[in-house]
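**Q** Here it is: the structure, laid out below.
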Amino acid sequence: MKTRRNTVTPVPLSPVYRAETLRKLAREEVEVLVVGGGVTGAGVALDAASRGLSVALVEARDFAAGTSSRSSKLIHGGLRYLENLDFKLVREALKERSLLLQTLAPHLVRPVKFLVPLKHRVWERGYIGAGVTLYDTLGGARALPRHRHLSKRGAAKVAPGLAEDALIGAIQYYDAQVDDARHTMMIARTAAEQGASVLTRARVTSLIREGERVVGAKVVDRESGAEIEVRAKTVVAATGVWSDDMAEAAGIPAPFTVRASKGIHLVVPREKIDLDTGLILRTEKSVLFVIPWGRHWIVGTTDTEWDLDREHPAASRADVDYVLDHVNAVLRTPITADDIEGVYAGLRPLLAAKATSTTKLSREHAVAHPVPGLVIVAGGKYTTYRVMAADAVDVAVEDLGRPAPSSWTERLPIVGATGYHELWGARHSLAQRAGLPLSRIEHLLQRYGTAVEDILESMSERPELGEPIPGTAEYLKAEVVYAVSHEGALHLEDVLTRRTRISIEERDRGVTAAPVVAALMAPLLGWDSHRQEREVTNYLARVEAERSAQAQPDDEAANARRLAAPALLPS
């Protein structure tokens, strides 16, 4: 059995790494094959590899390309779950929040304040206050400050942008936020450092059966079109809203039902909403968040059934209007459609009631072992990905025929986390040494952690990489090069949408940046001028399709417009 590795050797997810991984998977059996590169799948790969198991992860598109890059970007205990008396669920999530803030990903997860406006005197303050007090208590060790009660005047000081009749007082509490796409990608990188073979743009077309047992999968490399067979002692499917597809690929009934719920978010400039704090509002369906996000606010979300295209869920005009109407109901100065910089839509994988006897069903997630060699995990929420992953690997180990250590990922920081607190404390000297403004160093540290040294080194070797990408003041050319050389980016969309957030943070949604970013990627990926031009053309078509979808009145029309954009082409 492999020994646990507490120290890791950096593994760049480069084009060379990808080619070697394809060859390796075609000839070597692994103990655990993970299907799905969202946060749960990446978490499963890390959990299994850190236990000393041989692991492969395959993802049909890019890390976090589905739900895991389109969340509300919150790491939270689920304050509203307290109303349903789900104390265990909240305690579990708050423990994960504390681990992420302090140990696992302090460079990517940071505190965020929220204001809960109160509309009713006496009873509401007592009722919500009791819930928030319990929230603080269940959180255990003090990773975040405790909540505080505010009068109407006190609330106005931190939220002057709220309308006069929006509240009679407020409660302010703390949660945390994360760049979900970067976090997911860095979990996958950490899995690679623990020995896993991770591969994007590799779609499972079928599962391989020998009698009742699943023994691997047929996988198509979407870059070359080549098909390989990946043999495995057990396959773990962490495919979210595609969970039923995996049961179908195995030729078995779905062990539980996963339905897709669409949630959309708007991104608006920070100056358009005069708040010094995040905001949480009750709606007739759920809650609406106004979340600080650098120079922007993220406002959302919706919760509607979706049974159309799952790869590219589309936001409609009705979705946008819903969010605007609800947030404007409490703002002194309403925001308009013209204020919107970006819009994104994602699908939550929600568990329905049906579950077989082979399924371990919790309030939030399920792990099924329907046939030997196959484990399916679904549901849950972003914050508790690590718990879901450990549960899934515990079940998968049953198929291995040998013991494996217990999960220890609660003590395993992800890439960039080890030494981060010390480096953050030395950020002034780091800025001086690098010859960069402190604000730039802070931005890089909060995206790369201690891996920032790689970025700074590339800039010292090629000073032109220290220039901002045209069309955005926040991201540097060096980050594009690093995305390809270390972070597994294969397409222009990977960089503009997930390695950076240019596609939702800039008003032109990355149109200005696209040709420059493609030119930086081209020599690293072997693109000729025709391929480079196709990448830009495809990205621009995607932007136009999304804008057109957002002008449509309903889901069906929006879906049709979004699908008008061409799919990514192979290299």
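**Q** With r defined as the distance between the Cβ atoms of D274 and A130 and R0 fixed at 25 Å, what FRET efficiency is calculated, to the nearest 0.05? Walk me through the numbers on the way to the answer.
**A** On the way: r = 30 Å, r/R0 = 1.20.
That pair, D274 with A130, gives E of 0.25.
**Q** Could you do me a favour and compute the accessible area per residue for the range 107-149, 1.4 Å probe, result in Å²?
**A** Numbers: 2220 Å² over 43 residues.
Value returned for the range 107-149: 52 Å² of accessible area per residue.
**Q** Continuing with the same structure: For the range 432-571, report the accessible area per residue in Å² (1.4 Å probe, heavy atoms, rounded to an integer). Please report the intermediate quantities before stating the final value.
**A** Values: 5600 Å² over 140 residues.
Per-residue value: 40 Å².
**Q** Provide the gained length on full extension for the span R142 to A541, in nm with one decimal, where the gain is 0.36 nm per separating residue minus the Cα-Cα distance.
**A** Working: separation 399, 0.36 × 399 = 143.64 nm, distance 4.76 nm.
My answer for the length gained is 138.9 nm.
**Q** Of G416, V90, T304, which is farthest on the positive side of the dipole of the chain, counting Cα position, with +1 on Lys and Arg Cβ, -1 on Asp and Glu Cβ, and the Cα centre as origin?
**A** The listed residue farthest towards the positive side: V90.
**Q** Which FRET efficiency, nearest 0.05, do R507 and V287 yield, Cβ-Cβ r, R0 30 Å?
**A** Values: r = 27 Å, r/R0 = 0.91.
The pair R507/V287 has a calculated efficiency of 0.65.
**Q** Pull out a ≥ b ≥ c, the square roots of the eigenvalues of the alpha-carbon gyration tensor of the range 525-571, then state rounded if a/c is under 1.5, prolate if not and a/b is larger than b/c, and oblate in the remaining case. Working shown, then result.
**A** Numbers: a/c = 5.18, a/b = 3.02, b/c = 1.71.
Prolate, since a/c reaches 1.5 and a/b exceeds b/c.
**Q** Compute the normalised compactness of the chain: alpha-carbon radius of gyration over 2.2 N^0.38 Å, N being the residue count.
**A** Numbers: Rg = 23.1 Å, N = 571, 2.2 N^0.38 = 24.5 Å.
That ratio works out to 0.94.
**Q** Pull up the DSSP beta bridges for the chain and report the antiparallel fraction as a percent, rounded to 5. List each step's numbers first, then the result.
**A** Working: 66 of 84 bridges.
Of the beta bridges lying entirely in the chain, close to 80 percent run antiparallel.
**Q** In debye to the nearest 20, how big a dipole does the range 265-307 give about its Cα centre with +1 on each Lys and Arg Cβ and -1 on each Asp and Glu Cβ?
**A** Values: 5 positive and 7 negative charges, 43 e Å.
It works out to roughly 200 debye.
**Q** Next question. Treating only the Cβ atoms of Lys and Arg (+1) and Asp and Glu (-1) as charged, compute the dipole magnitude of the chain about its Cα centre; round to the nearest 20 debye.
**A** Details: 72 positive and 73 negative charges, 322 e Å.
With Lys and Arg at +1 and Asp and Glu at -1, about 1540 debye.
**Q** Report, in cubic angstrom per residue, the convex hull volume of the C-alpha atoms of the range 435-571. Intermediate values should be presented prior to the final figure.
**A** Working: hull volume 15.6 nm³, N = 137.
Output value, Cα hull per residue: 114 Å³.
**Q** Explain nothing, just the number: dipole magnitude of the range 411-541 about its Cα centre with +1 on each Lys and Arg Cβ and -1 on each Asp and Glu Cβ, in debye rounded to the nearest 20. Show your work: numbers first, answer last.
**A** On the way: 14 positive and 19 negative charges, 55 e Å.
So the dipole magnitude of the range 411-541 works out to roughly 260 debye.
**Q** State whether the range 205-282 is rounded, prolate or oblate according to the following rule on the C-alpha gyration tensor (a ≥ b ≥ c being the square roots of its eigenvalues): a/c under 1.5 gives rounded; otherwise a/b larger than b/c gives prolate, and the remaining case gives oblate.
**A** Values: a/c = 4.03, a/b = 2.31, b/c = 1.75.
Note, shape of the range 205-282 comes out prolate.
**Q** Same structure again: Taking only protein heavy atoms into account and a 1.4 Å probe, give the accessible area per residue of the range 174-285 in Å². It would help to have the intermediate numbers written out before the result.
**A** Working: 3590 Å² over 112 residues.
Here the per-residue accessible area is 32 Å².
**Q** Of L150, V132, L162, which is farthest towards the positive pole of the range 123-180's charge dipole, taken about the Cα centre with +1 and -1 on the beta-carbons of Lys, Arg and Asp, Glu respectively?
**A** The residue sitting farthest along the positive end of the dipole is L150.
**Q** I've got another one for you. Just grab the label-to-label distance for E410 and E164, each label 7 Å out from Cα along the Cβ direction, in nm (one decimal).
**A** 5.2 nm
**Q** Ok, one more. Give the peptides 261-271, 533-543 in descending order of average Cβ contacts within 10 Å, highest first.
**A** Values: 261-271: 20.5, 533-543: 18.7.
Ranking, from highest mean packing down: 261-271, 533-543.
**Q** Over the chain, what percent of the accessible surface lies on carbon and sulfur atoms, probe 1.4 Å?
**A** So the carbon and sulfur contribution to the accessible surface is 53 percent.
**Q** Right, here's the next one. Pop out the Kirkwood hydrodynamic radius of the range 222-264 from its pairwise C-alpha distances, inverse of mean 1/r, in Å to one decimal.
**A** Details: mean 1/r = 0.0778 Å⁻¹.
Value: 12.8 Å, from the Cα pair sum.
**Q** On a full-extension model of 0.36 nm per residue, what is the gain between E422 and E20, subtracting their alpha-carbon distance, rounded to one decimal in nm?
**A** Numbers: separation 402, 0.36 × 402 = 144.72 nm, distance 3.52 nm.
Length gained, E422 through E20: 141.2 nm.
**Q** Run the simple label-point estimate for S261 and D528 please: 7 Å along Cα→C-beta, distance reported in nm.
**A** The two pseudo-label positions are separated by 5.0 nm.
**Q** Let a ≥ b ≥ c be the square roots of the eigenvalues of the Cα gyration tensor of the range 25-64; is it rounded (a/c under 1.5), or, if not, prolate (a/b larger than b/c) or oblate?
**A** Working: a/c = 3.19, a/b = 1.23, b/c = 2.59.
Oblate.
**Q** For L85 and T333 in the same chain, what is the full-extension length gain: residue separation times 0.36 nm, less their Cα-Cα distance, in nm?
**A** Numbers: separation 248, 0.36 × 248 = 89.28 nm, distance 3.69 nm.
So the chain would gain 85.6 nm between L85 and T333.
**Q** How large is the helix-only mean residue ellipticity at 222 nm for the chain, computed as the sum of -39500 (n - 2.57) over DSSP H runs with n ≥ 4, divided by its residue count, in deg cm²/dmol to the nearest 500?
**A** On the way: 18 runs with 196 residues, N = 571.
It comes out at -10500 deg cm²/dmol, rounded to the nearest 500.
**Q** For a quick protection proxy, order the peptides 14-22, 73-81 by their average other-Cβ count within 10 Å, most packed first.
**A** Working: 14-22: 16.2, 73-81: 22.2.
Final packing ranking: 73-81, 14-22.
**Q** Going 7 Å from the Cα of T304 toward and past its Cβ, which residues in the range 541-555 have a backbone nitrogen under 14 Å from where you end up?
**A** The answer is 549-555, whose backbone nitrogens lie closer than 14 Å to the label point.
**Q** Once both labels are modelled 7 Å past Cα along the beta-carbon direction, what's the E398-L563 spacing in nm?
**A** Here the modelled spin labels are 3.8 nm apart.
The values are calculated or read from the model by the stated rules, or taken from the named source; none is laboratory data. In this text the structure is predicted, and so the values were computed from the model without any measurement. We place every Cβ from the backbone using ideal geometry, glycine too, and count neighbours over all the protein chains shown. With ligands, DNA and RNA removed, areas are computed over all heavy atoms of the protein, side chains included. Shrake-Rupley method; radii C 1.70, N 1.55, O 1.52, S 1.80 Å.
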